[in-house]
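Accompanying notes for the structure given below.
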Amino acid sequence: MTGSTAEASVTATDAALEAIALLGDEHGPLAFFQSGGCCDGSLPICMKDGELPPGPNDLLLGTVGGAPFYVDSEQYMRWGRPSFLLDVRPGAAEGFSLSLRDAHFVTRPAR
Amino acid sequence: MATTEQSTTFEAPGRPGSPVQVKERYENFIGGHWVAPVDGEYRENLTPATGQPICEVSHSGAQDIELALDAAHAAKDGWGETSTTERSRVLNAVADTIEENLEMLAVAESWENGKPVRETLAADIPLAADHFRYFADVIRGEEGRISEIDKDTVAYHFSEPLGVVGQIIPFNFPLLMAAWKIAPALAAGNCTVVKPASPTPWSILKLAELIEDVVPPGVLNIVNGPGAETGKALASNKRIAKIAFTGETVTGRLIMQYAAQNIIPSTTELGGKSPNIFFEDVMAADDEFLDKAVEGLVLYAFNKGEVCTCPSRALIQESIYDELMARCLDRIRAIKQGNPLDRTVQLGAQNSISQLEKIEGYVQIGREEGAELLIGGERNMLSGELAGGYYYEPTVFKGSNDMRIFQEEIFGPVLAVTTFKDEAEALRIANDTLYGLGAGVWSRDGSRAFRMGRGIKAGRVWTNCYHLYPAHAAFGGYKVSGVGRENHKMMLDHYSQTKCLLVSYDKNPMGFF
């Protein structure tokens, strides 16, 4: 289901958009995948677009700063089909997520 | 500090009287030497207990991974041909060294991770030592198999090392998870390049200082740096024969994809949302077993909930819910939170500000989706130098399994509780999750416990116990909790190739040509 749906949505704060622009200058086009599980599992993982080709069960929720934002469709259903707000918080990223020197991406429920 | 506190609290690393010495900065451990990162970059390493720096640690990149792989490849033939007797001796020497430095390593681990020193003294560090000792023992009992194909034809099966492997360690048990990965790899004759978690790069370097003359140069190499650079450079490298990873699901997918691109095996452990199930017969008597079951529920707060197998969903039979929960809440109220280096403290600091904010976010989600907050629910602001630390109160929500706080791993001291009517409903709720790493079953009825244990889709079902991690018991996930196992001597197979020599002792030709 790699296509956006009407009810799905992801938005970004100005700080997140600025970080996407800065990282885009350094790495080229980006993509986000909402992670799950161990450690920093609730964080979105930012990577070069194409680094992880989306699979048939990845749902494209929308784009943020030009970058596609995917979530596993079953995880998305189990999380109650939330709308995500992409933001930036202090501290380095974990996992293999691209990040600025001392800031990393987070997602929060959009309100 | 009060007199009583002085007698139970270790001095922080680097301070006078502390069992842990701290250098200003730490380099990579490559080829038995301390090697500065090629780009000369370092990052400040904080303690979550106060939010203050401990030291600087190398911030490496792809070039440093190549140096470590050079060292590992230079060592691999020699180590792979080293007798199992000698490999066993080296692993036992590592175990001896860990045990001789138990207090120092426990204090370093607590200070860097935020976990209570009573846990590192009694669990993390002794278990790490035992892991090396276990694989030192079992490797000597290994033997190949001989298959008699017919009277003149024999298949000899040998286990051979893979060569050089890559291993990526999580931040929640920095030394124990490193031991889980390093011990079987080395026992099977491999050399390894280890990438510790970015928030906990240092305690393993304290171990490396101790064993730099114990393990032959190049057999164990440690490179610190960010996952997106250092971790990726290792996981996607053509010079590794296997990659092992513990962490979140999307990076797990990347790891498996890199492994597929290079056609090498991977093992991944990606977390869980483990159910802990309490049947009504638990309360059939007010005895030691009931006391054990209550502790079994409260173990969600072990290591501040930063455990892949955290029993973060409690399923309680509705007939005993009120009484059992009352006892558990009494036990939770009595949890002492504070300085991780205080031996009497049971709940320390979350590993990072990022983790703390994630917990705050999930507690907010829990409130908004209508879960009932039974206890906790706030950041715990401690005083003095601990005011800058990342402490969160032990928290319990009551709700239903379709809520997000029941479906996603929070990685904090946050328990989601619900009730069930009968065994069938308990099993349905237990399996209604993406994950399948751990589970707990509590019952005085052995038959029921057995049925449940076999019915739950998880790799480890603790039955009338929880959070035991003996080296001789397999550990790993079903479903999206990952692929592969850790612990147990079966790990030697995960770190070995099978060589089959198919030998004919018949002098006669086959007769085809």
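Bear in mind that the values in this text are calculations on the coordinates, not laboratory data. Because the structure is predicted, anything quoted here is derived from the model rather than measured. Backbone-built Cβ (ideal geometry, glycine too); neighbour counts: all protein chains shown.
Just a few scattered comments:
To keep it simple, each residue is scored yes or no on (1) of a type in the set (Val, Ile, Thr); (2) more than 28 Å from B:Ile353 (Cβ to Cβ).
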{"position": "B:Asp64", "(1), (2)": "no, no"}
{"position": "B:Thr84", "(1), (2)": "yes, yes"}
{"position": "B:Leu105", "(1), (2)": "no, no"}
{"position": "B:Glu112", "(1), (2)": "no, no"}
{"position": "B:Pro116", "(1), (2)": "no, no"}
{"position": "B:Thr120", "(1), (2)": "yes, no"}
{"position": "B:Ala128", "(1), (2)": "no, no"}
{"position": "B:Tyr134", "(1), (2)": "no, yes"}
{"position": "B:Asp137", "(1), (2)": "no, yes"}
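- Out of A:Gly50, A:Gly95, A:Gly41, sole residue that is exposed (fewer than 15 other Cβ atoms within 10 Å of the Cβ), out of contact with any Pro (no Cβ under 6 Å at 6 or more places or on another chain) and in a loop (DSSP other than H, G, I, E, B): A:Gly50
To keep it simple, each residue is scored yes or no on (1) in contact with a helix residue (DSSP H, G or I) (Cβ under 7 Å, 6 or more places away or on another chain); (2) within 28 Å of B:Glu486 (Cβ to Cβ).
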{"site": "B:Arg379", "(1), (2)": "yes, no"}
{"site": "B:Lys421", "(1), (2)": "yes, no"}
{"site": "B:Ala424", "(1), (2)": "no, no"}
{"site": "B:Asp432", "(1), (2)": "no, yes"}
{"site": "B:Leu437", "(1), (2)": "no, yes"}
{"site": "B:Val441", "(1), (2)": "yes, yes"}
{"site": "B:Arg448", "(1), (2)": "yes, no"}
{"site": "B:Met452", "(1), (2)": "yes, yes"}
{"site": "B:Arg460", "(1), (2)": "no, yes"}
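- Apart from one condition, B:Ala197 fits all of (1) assigned to a helix (DSSP H, G or I); (2) in contact with a strand residue (DSSP E or B) (Cβ under 9 Å, 6 or more places away or on another chain); (3) within 14 Å of chain A (Cβ to nearest Cβ); the exception is (1).
- Region B:227-266, residues that are at the interface with chain A (Cβ under 8 Å from one of its Cβ atoms) and more than 22 Å from the chain's Cα centre (by Cα): B:Gln257
- Hits in region B:405-451 (condition: in contact with a Gly (Cβ under 7 Å, 6 or more places away or on another chain), in a helix (DSSP H, G or I) and more than 23 Å from B:Glu280 (Cβ to Cβ)): B:Ile405
- Condition check for B:Glu409: buried (at least 17 other Cβ atoms within 10 Å of the Cβ), of a type outside the set (A, V, I, L, M, F, W, C), in contact with a Cys (Cβ under 7 Å, 6 or more places away or on another chain) and within 14 Å of another protein chain (Cβ to nearest Cβ): yes
- For region A:18-44, the set of residues classified as more than 8 Å from every other protein chain (Cβ to nearest Cβ) and closer than 25 Å to B:Gln355 by Cβ consists of A:Glu18, A:Ala19, A:Ile20, A:Leu22, A:Leu23, A:Leu30, A:Ala31, A:Phe32, A:Pro44, listed by residue number.
- Hits in region B:200-226 - residues which are within 14 Å of chain A (Cβ to nearest Cβ), crowded, with 24+ Cβ neighbours inside 10 Å and out of contact with any Phe, Trp or Tyr (no Cβ under 6 Å at 6 or more places or on another chain): B:Pro201, B:Asn224, B:Gly225
- Flag for B:Glu269 being buried (at least 24 other Cβ atoms within 10 Å of the Cβ), within 14 Å of chain A (Cβ to nearest Cβ) and farther than 17 Å from B:Val165 by Cβ: no
- Flag for B:Asn276 being polar (S, T, N, Q), away from every other protein chain (no Cβ under 14 Å) and in a strand (DSSP E or B): yes
- Some residue of region A:71-91 being part of a loop (DSSP other than H, G, I, E, B) and among the hydrophobic types (A, V, I, L, M, F, W, C): yes
- Selection from region A:45-92 of residues that are more than 7 Å from every other protein chain (Cβ to nearest Cβ) and under 20 Å from B:Cys308 (Cβ atoms): A:Asp72
- Selection count, region B:320-349, where residues are assigned to a helix (DSSP H, G or I) and without any contact (Cβ under 8 Å) to a residue 12 or more places away in the chain: 3
- Here B:Gly377 meets the list (1) within 14 Å of chain A (Cβ to nearest Cβ); (2) in a loop (DSSP other than H, G, I, E, B) almost entirely, failing just condition (1).
- When we screen B:Lys457, B:Lys479 for residues that are under 22 Å from the mean Cα position of the chain (by Cα) and within 14 Å of chain A (Cβ to nearest Cβ), the only hit is B:Lys479.
- In region B:140-152, residue nearest to B:Ile125 (Cα to Cα) [restricted to those that are part of a loop (DSSP other than H, G, I, E, B) and touching a residue at least 40 places away in the same chain (Cβ under 8 Å)]: B:Glu142
- Residue in region B:153-173 that is in contact with a Pro (Cβ under 9 Å, 6 or more places away or on another chain), surrounded by 15 or more Cβ atoms within 10 Å (Cβ to Cβ) and assigned to a helix (DSSP H, G or I) present: no
- Of all the residues in region B:427-442, those that are buried (at least 24 other Cβ atoms within 10 Å of the Cβ) and either free of Cβ contacts under 8 Å to residues at least 12 places away in the same chain or more than 14 Å from every other protein chain (Cβ to nearest Cβ) (or both) number 5.
- Selected residue [buried (at least 18 other Cβ atoms within 10 Å of the Cβ) and of a type in the set (Gly, Ala, Ser)] from B:Ala458, B:Ala474: B:Ala458
- Hits in region B:380-403 - residues which are within 14 Å of another protein chain (Cβ to nearest Cβ) and either under 18 Å from B:Ala334 (Cα atoms) or in contact (Cβ under 8 Å) with a residue 40 or more places away in the chain (or both): B:Gly388, B:Tyr390, B:Asn401
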